[in-house]
Structures are given as structure tokens and as C-alpha cells.
Amino acid sequence: MKKIEIRTKSRNYKVIIGNDIISKFSLELNEIEGKKLFIIDENVFLLHKSKLKDFLDKSNAVIKFIFHSTEKNKSLSAVKNIYDTLVENRFSRNDSIIAIGGGIVGDVSGFAAATYMRGINFFQIPTTLLSMVDSSVGGKTGVNYSNLKNIIGSFYQPQKVYVDTSFLSTLPYPEIVSGSGEIFKYAFLSDEKNYKFIREELRKVLTQNYFDENLIACCIELKASVVESDEQEKTGLRKILNLGHTFAHAFESSLNFRIKHGEAVIAGIFASLIVSEKTGLISNNDLNKYITDFYYLPLSKKIISADYNEIIKFMKTDKKSVSGKINLVLVKKPGEIFIDFQVNERVIKFALKKLYEIIRTV
């Protein structure tokens, strides 16, 4: 079992990582006063019913809310349903929401917790690879609106996060690929040693279905170091966590969310590397090295059906863009990242054309 302490201006909290550790959490919950609303992904509940039933039975004052996790359901109407449950059961500021599921469950539950009575207790039990390595930590919560990804949200840190790796035993391959997209991002956020470690461990995830706690801890520690320095993206440092995401969110929106977030991130990082080469930040040899090093990452062929102009339209509405100008996070080398790098539509179209050529050959 590993413990990581995260210290932010708004709250300090622990991330506990281990196999089959939620039994420890049930004991902790028994000591916490007040009502508890468990928001549980419906697939996770079906796949781990006996385990979760035992967990819920050991936790007192339980109210269960089964959530259908889709990007379409990551909405204000879903948050309203949670509010209705909280109001009907007379939840107060001393009560708690516990999210059990992937990134969508965590984002929606966290936003409800942040805004109900201006904030109630919030705990996370991430069950997907993506939520374990990324979305459960850092305090970003939110929903989609008008086909725009995460356009409404807040920063709200959890009380504690329990990363129980036993949930990964039933994770479908597309979800493993999705989680790999966020891990891919972390390869560029530290140094060459970290780059090599993540390259090799991520390959084992995809080719051997092997999940090393050290890899999960490495990603969380990297994110924690950024979040602790720039909790709400005030200084700009936290923007490095958006590597590939301006492209990714535009892919998701233009395809009406028919691809998973992590799939879009994989393609978005490759596109950002192409832009890095086009703008002179990296050499053609560097670009070829990065593409070769991560050859094993699947690229969704759905992406090539997305129209260039539609993608650019969504990129201009991204939260990181200003006055319709496209700002990207780009790479010079592992550990040297450029934020708010402004590029024109011609460069974006060049990157998309080259990305589509790569996708067609894999």
C-alpha cells in the first residue's frame, strides 16, 4: 500500500493506493458523522456487486445512487438529479458524497459536492485507469454543456482518494486504452528518466495487462507536484497537464463524443508533437523518436472522419484559447514544456493532415 500526501491552499488530503483496500475505507466512513450519498457507476456496481455490497453494508447512513456514465450524461441535468436526492434526504454541509467510478462519475459528483450548499464533504474511489492516474486527483470537477467539453465546472479538492487497483481486473480494453492516454502525457512532464520509465511500464499495461502500483503512484506524484504549485491555473504551471487536450477536446466534440477521452488524448498528444516539430521546438528526428517510442499506443480510426474546420471551430472555443486564438501546450523535450503557444489555422491543418496519415497506416 502506498500513501501520497497532496497539499493545496484549499485542502490537504491523502491518496491511498493498494489492492482491495476499500475495506479500510468502510471502517473510516463508520467514524464519520452524517449522511452519506454513494454515487456508483452502474457497470462497476454490476461487476463488483458482492464487494460493493459488503462495503456499503459496513458503512452506516447509506444512500445509493446508481449512475449511468456517458459523456452525454455528464450534464447539468445529471447534477440536478443528484441535487434532488440531496434535498429529498435533507443533506447538510456536514454530510458526504462518495464517488465510486471513473472520471465521469468523479467529475459530476465532485461538481455536485462543490456546489451543493457551497460545498460538502467529497471522497473518491476511482475505478478506471484514467481516473486513478489523473482525474480523481487535483480538484477539477465539471460537466459538458452545448457539446463543449468540461465548459462548466469548479476546483474542489476531495477529502481523500482511495485507489483500489483490484477494480482494474474487470476493466475493458477500451478503458485501458483511455487511461493510457493520460499516462502518455506524464511521460513528457518530468525528465528523461521518467520518460523511459513510463514508456516501458505503459507498454506493459497495453501488451501484458500489467498494472504496476509504482506507475500509478508516479503519475499521481507528478500531478500533485503541479497542482500544489498552481491549484487553480493562476500562474500557468498547471496548464502543462493539458498537453494534447486542446486537440483532444475538439476531437471529442466534433465526433459527438463517439470516442473515449483517453483515445482523443493519445491522438491529441501526437498532433501536438507534430506542431512542436512544425514550429521548430523539436527536430524531425525527435518527432520520429517520440512516435517510434510509443508505437504501441492505439490510434482511433474514428478520428479521421472528423472535419478539419469543425475541429478548429471547437479548438477556438477551448477554455485555454483567448479571443478566438488557438493556444497549445507544446513539447521541446521531456521536462521542458511550452504553454500558451499560439498557432494559426494553417499549422493546425498541417498537423491534422500528418496525424491522419499516421492513423491510416496503423
Y83, Y290, Y145, Y295, ranked by accessible area, largest first (probe 1.4 Å): Y295, Y145, Y83, Y290
My understanding is that a pair violates if its Cα-Cα distance is over 31 Å; which of K2/K72; K140/K325; K239/K260; K204/K301; K313/K354; K9/K289 do that in this structure? K2/K72; K9/K289
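Note down the relative contact order for segment 274-362 as a percent, whole number, built from C-alpha pairs under 8 angstrom at least six residues apart.
So the answer I get is 32 percent.
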If the convex hull of the alpha-carbon atoms of segment 218-292 is projected onto planes in all directions, what is the mean projected area in square nanometres? 6.4
With equal scatterers on the alpha carbons only and no solvent term, can you work out the Debye log10 of I(q)/I(0) for segment 30-70 at 0.15, 0.20, 0.27 1/Å? -0.37, -0.62, -0.96
Helix-only [θ]222 nm of the chain, DSSP H runs n ≥ 4, -39500 (n - 2.57) each, per residue, nearest 500: -14000 deg cm²/dmol
For segment 1-41, compute Rg over Rh where Rg is the Cα radius of gyration and Rh is the Kirkwood radius from the inverse mean 1/r over Cα pairs. 1.01
For segment 208-224, just list the computed ³J(HN,Hα) in residue order, Karplus coefficients 6.51, -1.76 and 1.60, θ = phi - 60°, integers in Hz, with x standing in for Gly and Pro. 10, 6, 10, 10, 8, 4, 5, 5, 4, 5, 4, 5, 5, 5, 5, 5, 4
Checking segment 1-66 for GluC sites (Glu not before Pro) in a loop per DSSP with at most 15 other beta-carbon atoms within 10 Å yields E31, E33
Just to check I understand the Karplus step: with θ = phi - 60° and J = 6.51 cos²θ - 1.76 cosθ + 1.60, what whole-Hz values come out for segment 342-358, glycine and proline as x? 7, 10, 9, 4, 4, 5, 4, 5, 4, 5, 5, 4, 5, 4, 4, 5, 5
For segment 84-151, what is the relative contact order in percent, using Cα pairs closer than 8 Å and at least 6 residues apart in sequence? 32
Just for the Cα atoms in segment 29-117, what are the lengths along the principal axes, largest first, rounded to whole Å? 34, 33, 19
Cα-Cα P(r), the chain, percent of pairs per 10 Å interval: 5, 26, 35, 24, 9, 2, 0
With +1 on each Lys and Arg Cβ and -1 on each Asp and Glu Cβ, how big is the dipole of the chain about its Cα centre, in debye rounded to the nearest 20? 640
Sequence of L352, L46 from largest to smallest accessible area, 1.4 Å probe: L46, L352
Check: C-alpha center segment 62-131 vs C-alpha center segment 256-290, spacing in Å is 33
For a quick check: with amide H placed at 1.01 Å from N, whose amide H comes under 5 Å from F67's, ignoring anything fewer than 5 positions away on the same chain? I40, D41, E42
Taking the radius of gyration and the Kirkwood hydrodynamic radius from Cα positions alone, what is the Rg/Rh ratio for segment 231-347, to two decimal places? 0.94
Sorted on mean Cβ neighbours within 10 Å (highest first), peptides 186-195, 334-343 come out as 186-195, 334-343
Computed over the Cα atoms of segment 93-137, what is the ratio Rg over Rh, Rh following Kirkwood? 0.99
When Lys and Arg each count +1 and Asp and Glu each count -1, what net charge do the other residues less than 14 Å away from K289, Cβ to Cβ, add up to? 0
Can you return the aspartates and glutamates within cross-link range of K316? Criterion is Cα-Cα under 15 Å, with same-chain partners fewer than 8 residues away left out. E252, D307, D340, E345
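Over every pair of different alpha-carbon atoms in segment 124-271, take the mean of 1/r and invert it; report that Kirkwood radius in Å.
Radius from the Kirkwood sum: 15.7 Å.
Order 95-103, 133-141, 115-123 from most to least packed using the mean count of other Cβ atoms within 10 Å.
On the way: 95-103: 26.7, 133-141: 25.0, 115-123: 17.8.
With the highest mean Cβ count within 10 Å placed first, the list reads 95-103, 133-141, 115-123.
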Quick one: pull the percent of accessible area on the chain belonging to carbon and sulfur, 1.4 Å probe, ligands and nucleic acids left out. 49
Apply the Karplus parameterisation 6.51 cos²θ - 1.76 cosθ + 1.60, with θ equal to phi minus 60°, to every residue of segment 53-60 and state each ³J(HN,Hα) to the nearest whole Hz, in sequence, with x for glycine and proline. 4, 4, 4, 5, 4, 7, 9, 7
Convex hull volume per residue in cubic angstrom - Cα atoms of segment 40-192: 122
Given a 1.4 Å probe, how much area per residue of the chain is accessible, in Å²? 41
Relative contact order for the chain: what percent, with Cα pairs under 8 Å and sequence separation of 6 or more? 15
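Report the charge-dipole magnitude of segment 32-176 in Debye, nearest 20, computed about the Cα centre from +1 at each Lys and Arg Cβ and -1 at each Asp and Glu Cβ.
Taking the Cα centre of segment 32-176 as origin, the dipole is about 280 debye.
The values are calculated or read from the model by the stated rules, or taken from the named source; none is laboratory data. Quantities reported herein were computed from a predicted structural model and do not represent experimental measurements. No Cβ is skipped: glycine too gets one built from the backbone with ideal geometry, and neighbour counts run over all protein chains shown. Quick note on the areas: whole protein, heavy atoms, side chains included, nothing else; ligands and nucleic acids left out. Shrake-Rupley method; radii C 1.70, N 1.55, O 1.52, S 1.80 Å.
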